[in-house]
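The numbers here are math on the coordinates, done by the rules we state, and not lab data. Here the structure is a predicted model, which means the values were calculated and not measured.
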Amino acid sequence: MLLILRLVIAIVVVVLSVISIITENYDFSKYTIGLLGIMFIIMGVDEFKKDRSFFAIFCFLVALFSLYVSINNFLTS
């Protein structure tokens, strides 16, 4: 389940990134960064299930930073 969700989010991120690059309209970056944060949360949960706590904590920290940047972009634009 987590693998499928992670793949779907990754595909959406790639599609949004390609659209942003082709159209040179970077309004989708806040959505892309937010989805990457959610993807890192899913990866952290998956790492905890595999008993690799160092990588899980690292994923959660990256997710927190990504979500902070995304929320900051939403509030400032």
Full-stretch length increase - LEU2, TYR31 - with 0.36 nm per residue and alpha-carbon distance subtracted: 8.4 nm
The chain, relative contact order in percent, only Cα pairs under 8 angstrom and at least six apart counted: 31 percent
Rule-of-thumb Rg ratio for segment 2-76 [Cα; 2.2 N^0.38 Å; N residues]: 1.17
Residue of PHE65, PHE54, PHE40 that the Gaussian network model of the chain assigns the largest fluctuation, springs spanning Cα pairs under 10 Å: PHE54
Segment LEU61-SER17, extension gain: residue separation times 0.36 nm, minus the distance between their alpha carbons: 13.6 nm
